[in-house]
Amino acid sequence: MKHSNNSLSQSGATGLTVLLILMLVIIGVLGTVLWMRTTDRNAAPVTANADHPIPTENAAPTRPAGDGLPRADETTQYPLDDFGAGIAQIDIFFIDINGDGHRDKITRTRVENGTDHYSDKYTIELRGGPGGAFIDITPPDFETIIGAECALQKLQFIFRPTFRVVKVSRPWRQSWITPTLATKTVYSMTGDRLIESSRDPIKEICDVSDLL
């Protein structure tokens with residue numbers, strides 16, 4: 001009987017040891033997974049220029065802007081949140097837009113919201129402040145509004161013979177695919193200011209991209 005009891009005790013101890021080892025393995029695996037997710041979420045932005053392109057594995061999904069801007073001088077990509085939303089990419093263009101011989105700056109910021117809808121926000125800055133600092137001359141509401149089926153607002157940058165920006169926009173009504181009256185607004189340089197030079201209604205349409 002004593003030998004039988006000892007055998008049962010040894011079997012119980014062995015089983016407990018196995019369970020403890022399995023628990024430690026599971027905790028280790030879970031810890032590794034959580035650490036990898038945290039590391040990915042806090043990943044540093046990836047910056048590139050013409051000489052150092054962004055590796056393909058770090059690139060965000062490509063959605064062409066179609067705004068008339070050339071290849072960016074600097075590009076920085078950022079990780080999105082768990083829902084696929086946030087600032088995805090910032091492109092910087094150094095271009096002389098007022099003909100003074102100094103390279104000015106246009107910044108395009110791609111904002112994703114986790115769906116097929118997204119926007120590009122633009123900032124236009126002249127180099128001419130104290131010490132060569134940039135001065136923001138961006139007009140209000142300078143962004144694209146893109147839906148899965150139709151775009152509500154788009155911008156087109158034109159550099160010749162003079163710098164100007166064409167904005168075509170329409171209001172949202174009932175749904176993204178409900179046509180509404182589109183308006184064409186042109187912004188032109190006057191001195192060191194980018195001001196509205198014309199505004200004209202065009203026609204009712206779904207995708208304003210078709211008007212550029």
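The separation of the range 144-159 from the range 78-134, counted between C-alpha centres, amounts to 15 Å. Solvent-accessible area of the range 80-212 (1.4 angstrom probe, protein heavy atoms only): carbon and sulfur portion equals 52 percent. Counting only heavy atoms of the protein chains and using a 1.4 Å probe, VAL111 has close to 40 Å² of accessible surface.
For the range 151-212, the solvent-accessible area of protein heavy atoms averages 56 Å² per residue (probe radius 1.4 Å; ligands and nucleic acids excluded). Probing with 1.4 Å while keeping every protein chain in the model, the per residue accessible area of the range 57-137 equals 52 Å².
Taking a straight Cα-Cα cut-off under 30 Å and skipping sequence neighbours fewer than 8 places away in the same chain, the lysines within cross-link reach of LYS203 are LYS121, LYS154, LYS167, LYS184. Is the C-alpha gyration tensor of the range 67-200 telling us rounded, prolate or oblate? Criteria: a/c under 1.5 is rounded; beyond that, a/b larger than b/c is prolate, otherwise oblate. Judged from the Cα gyration tensor, the range 67-200 comes out oblate (a/c at least 1.5, b/c at or above a/b).
Which length gain, in nm to one decimal place, applies between PHE94 and MET23 when the Cα-Cα distance is subtracted from 0.36 nm times their residue separation?
That pair, PHE94 and MET23, stretches by 19.8 nm at full extension.
With the Cα gyration tensor of the range 154-196 giving a ≥ b ≥ c as the square roots of its eigenvalues, does the rule (a/c under 1.5 for rounded; else a/b larger than b/c for prolate; else oblate) give rounded, prolate or oblate?
Cα axes put the range 154-196 in the prolate bin.
What is the local net charge at THR185, summed over the other residues whose Cβ is closer than 14 Å to its Cβ (Lys, Arg +1; Asp, Glu -1)? Net charge in that neighbourhood comes out at +2. Taking 7 Å steps out from each Cα toward its Cβ at ASP192 and GLU204 produces label points 4.6 nm apart.
The values are calculated or read from the model by the stated rules, or taken from the named source; none is laboratory data. If you're wondering where the values come from, they're calculated on a predicted model, not measured in any experiment. Backbone-built Cβ (ideal geometry, glycine too); neighbour counts: all protein chains shown. The protein model used for the area step is the full one, side chains on, heavy atoms only, and it has no ligands, DNA or RNA in it. Shrake-Rupley method; radii C 1.70, N 1.55, O 1.52, S 1.80 Å.
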